[in-house]
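Enquirer: First the structure, which I've put down as structure tokens, then a few questions once you've had a look.
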Amino acid sequence: MDMDNEELKKDLEEQYSMLETEIEEDKKKKRYLVVFIFFLVMFLLMFGTTFSYFKIYNGREEIKEVLVKDLYINEKKDAFDFDESIKSYVVSMPYGTTKVTFGYKICENCTIDITGNENLKTGSNEIKIKIINKDTKIEDDYIIYIIVENKEDNNNPNNSNDNNSENNDDSNDNSNNDDKNNDNEEINKDLRLKYLEVTNHTFLTEFSPNNNYYITNDIFDNEDSLKIKFTLFDESNTFKLKLNGVDVERETTKDDDKNVLDLNVKTELILGANKLEIIVCNEKGNTNTYEVYLNVKHYDDDEKVINLEVEPINGDGTFSFSNVIPGWESDGMQGIKITNKSNYDAYINLKWTEVLNEFNNKNDLNFEVKYNNKIIKSGYLPDKDTYIIKNLALKANSSNTYYFKYKYLYTDSDQNIDQGKTFKARIQVSLQD
């Protein structure tokens, strides 16, 4: 009996030992399993991150893919120099243009979609161009602003009059638009601007209160700031500003009676066409919008950038007189000093602006412009904005001062009618194209 108990005990001990061994083996397997799972998770994380990196990297490479190598308007091929990295352009087209067509060079697997290039109206038009690579699904978007001139601006020498017969055949549509504009002129006359300029830069068309669209093409991305100055006809009106479709929240400053918007070229403007909207509002809720297209180009050392500084002599830049009698002459001490602050010779224009001429005997009003004590221009004082003299040479890093003298000539005509009358104007300086 004792023998049997010993054998049973021994057998139980062996089974217990085997069980312990199995348990220990299970623990090892679990530890191995935990370690395996840990390294598997780490591997997946590392692989996933690496995979994500390659996706991002490849995405960047795909974005650099050039979808379009050239883009131009067939009716005006020299309107802009295309660069695939510049996404917006502005082009002035002659009065009566109702359609433009495009030429382009796109990648082999690309498609192009152009909308808005038909049924163009006088004034501002927006053409959208989308190019898509069918394989990679990468796309590029471009905006072309087309400014169709008013009839009164069509003879401006700065603008091309090239056009096709198809556009001329459809010109009646734009005539209807002009008629509508004329109908609204009386309604909107209190909503107009009296003055508008981009300092040290020129518009393609001369400013007129009745023209709502302007382009300036001589801005470069190495400039620090840009000042837009404007004056409302009716100072009881208000205005708001938008730049590239976004409200300009900050307040403008004042320069005499002018509102001044100061823009940082490097941080607030993009390369290409920037659309600035000046929206004039009255208390009735009526609005009138002026659009200024600020076309920013990349500065190249080969480009001649000319900066002018204009300083009035003996006054604030306003040239005026009133209550004169026949035989009167001014002292000839009013004038302007123009400084060329660049390393290039410049050619400049002088122009009467903001003209107020109440005199009836306008041919009795004469003026002279003197430079270096020599008369370089003389004539009648105008009754509207007009050029005084064009193409004046101004050497690099130098200044010229021009003095103005006025006369109210004595004549045999009845001059009593001009008692108490006023002449007033400002001088605008611009670069000759």
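Enquirer: At most 12 other Cβ atoms within 10 Å and a DSSP loop assignment: could you name the trypsin sites (Lys or Arg not before Pro) in the range 229-289 that fit?
Expert: Within the range 229-289, the qualifying trypsin sites (Lys or Arg not before Pro) (loop, at most 12 other Cβ atoms within 10 Å) are R250, K284.
Enquirer: Measure out, as a whole number of angstrom, how far apart the alpha-carbon centroids of the range 230-266 and the range 377-422 sit.
Expert: 32
Enquirer: If we count other beta carbons within 10 Å of each Cβ, what is the order of V246, V296, V66, fewest first?
Expert: V246, V66, V296
Enquirer: Of the chymotrypsin sites (Phe, Trp or Tyr not before Pro) in the range 244-341, which ones lie in a loop per DSSP and count no more than 16 other C-beta atoms within 10 Å?
Expert: Answer by residue number: Y299.
Enquirer: Using θ = phi - 60° and the Karplus curve 6.51 cos²θ - 1.76 cosθ + 1.60, what whole-Hz ³J(HN,Hα) does each residue of the range 348-354 get, with Gly and Pro shown as x?
Expert: 10, 10, 10, 9, 6, 9, 6
Enquirer: Looking at the range 86-128, which GluC sites (Glu not before Pro) are DSSP coil and have at most 16 other C-beta atoms within 10 Å of their C-beta?
Expert: Sparse-neighbourhood loop GluC sites (Glu not before Pro): E108.
Enquirer: Would you mind checking K341/K362; K105/K151; K297/K374; K337/K407; K284/K362 for any pair whose Cα atoms are more than 29 angstrom apart?
Expert: Listed pairs above 29 Å: K341/K362; K105/K151; K297/K374; K284/K362.
Each reported figure results from applying straightforward, stated rules to the coordinates on display, with no laboratory input. What you are looking at is a predicted structure, and each value in this text was computed from that prediction instead of being measured. With ideal geometry, Cβ positions are generated from the backbone for all residues, glycine too; neighbour counts draw on all protein chains shown.
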